[in-house]
1. Out of all the residues in segment 231-252, which are hydrophobic (A, V, I, L, M, F, W, C), in a helix (DSSP H, G or I) and over 13 Å from the mean Cα position of the chain (by Cα)?
2. Suppose the filter is within 21 Å of L167 (Cβ to Cβ), in contact (Cβ under 8 Å) with a residue 40 or more places away in the chain and in contact with a helix residue (DSSP H, G or I) (Cβ under 7 Å, 6 or more places away or on another chain); does P285 pass it?
3. If we scan segment 171-190, do we find a residue that is touching a helix residue (DSSP H, G or I) at 6+ places or on another chain (Cβ under 7 Å) and modelled with pLDDT under 95?
4. Working only within segment 137-194, note down all residues that are closer than 24 Å to A62 by Cα and more than 20 Å from the chain's Cα centre (by Cα).
5. Restricting to helices (runs of 4 or more DSSP H) lying wholly in segment 146-217: which have 1 or more residues that are closer than 15 Å to F306 by Cα?
6. Please enumerate the residues belonging to segment 115-148 that are surrounded by fewer than 24 Cβ atoms within 10 Å (Cβ to Cβ), of a type in the set (A, V, I, L, M) and under 15 Å from V168 (Cα atoms).
7. For segment 206-262, enumerate the residues that are buried (at least 16 other Cβ atoms within 10 Å of the Cβ), in contact with a helix residue (DSSP H, G or I) (Cβ under 7 Å, 6 or more places away or on another chain) and of a type in the set (G, A, S).
Amino acid sequence: MKLAPRALDAARSSRGFVRKALLLVLLALIVVAVLVQSGAGSLSKEDVRRDILAIQKNAPFAAAMRTAPLPGVPVGNMDSPAMGAYFPATGDELPPIVLVHGTPDTMGAFGALLFGEGGLHGQANVWALEVAGHGFALANEDEYSFQICADHVAASLQAFGLEGVTLVGNSYGGEFCWRVAADHPELVARLVLIDSSGLPRTDDQFLSEEVKMREWSVARLGYLLNSEERVAFALDPHFDGHADPGRVHEVFLGLENRANWNAMIDLVRDENGARENDLARIQAPTLLLWGETDQAYPPDTFGRVFDERIPSSRLVVVEGAGHYPHEQQPALVAKEILALHREGRGK
């Protein structure tokens, strides 16, 4: 069967259109691959550090940061220095309180807990750590996991010569901390977990943005589409609908770095509760602080199970707070932390 000239021209035109479309798609894929390979659109760690510490609320951290961070103990194939800000308290001879942020946070997340009314600053010696794969921590690993980050926290304590500390962690940072307490009991005398990860979650318990990061094959390209609007959309539900603009900007800056973005994807995909049975090994007296309306790890399930699993623990549900009670109720959280920190120490 022969096509009429007009039909033949239409068929040729259609094939030509398809070829051009395929070429454009191929070209677009090549461009994206080149951009990703070159790190285009990725802010350097130096720039991330400069811009995060330039945020007004982070001025105390900028002032406390050492000009040359002490080198940390290498963790596996990781060669990332220990980075932290130290805030001494006059006359305090106790080992310090050490604050460990979650993902994709930075030490700046503890600003209200440290410097707000009734905050920790001046009441105890305090360190705030920057964890590998986050913020401006100087690390550039190909892959991250909860254990690598926990090992980095332990190595940071050792690098700063700290032991017998009160270790405080929020969210993923909570899991980094309780793994340290289980693996290195000599380093941790007191443990505070704020809305911590570490238990298995069913598919329907993961939040929508977590599902995308866990399942979408193109999730690692997300840093190219990073924006403050997207960050606010993810954070707002954890702050009763309105995250502080300074915090949004801080998280946005951290995720402008491609390595940080990939570390976040790695950690979200590594969350599986694989070490839940090790909670029973924790020897340190443990305070569990849980936001009443936490959507990620509700207190009546996750907080209660942590309380059942850890031998010496106490659960405090913080009213008027979601996933970040140390930001929404900082005075109450500081008071609870200080009570545990001084317990049995004659202070």
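1. The first filter runs over segment 231-252 and keeps only residues hydrophobic (A, V, I, L, M, F, W, C), leaving 231-235, 239, 243, 248, 251-252.
The next check asks that each one be in a helix (DSSP H, G or I); those that pass are 231-235, 239, 248, 251-252.
Within segment 231-252, V231, A232, F233, A234, F239, V248 qualify.
2. Details: within 21 Å of L167 (Cβ to Cβ): yes; in contact (Cβ under 8 Å) with a residue 40 or more places away in the chain: yes; in contact with a helix residue (DSSP H, G or I) (Cβ under 7 Å, 6 or more places away or on another chain): yes.
Criteria met by P285.
3. There is no residue in segment 171-190 that is touching a helix residue (DSSP H, G or I) at 6+ places or on another chain (Cβ under 7 Å) and modelled with pLDDT under 95.
4. Result: Q158, A159, F160, G161, L162, V165.
5. Numbers: elements: 146-159, 172-183, 208-215.
So the answer is 172-183.
6. Listed by number, the list holds a single entry, A124.
7. Passing the criteria: A219, G222, A232, A234, A243, G254.
The values are calculated or read from the model by the stated rules, or taken from the named source; none is laboratory data. Here the structure is a predicted model, which is why all the values come from computation and not from measurement. Using ideal geometry, Cβ is built from the backbone for each residue, glycine included, and neighbour counts are taken over all protein chains shown.
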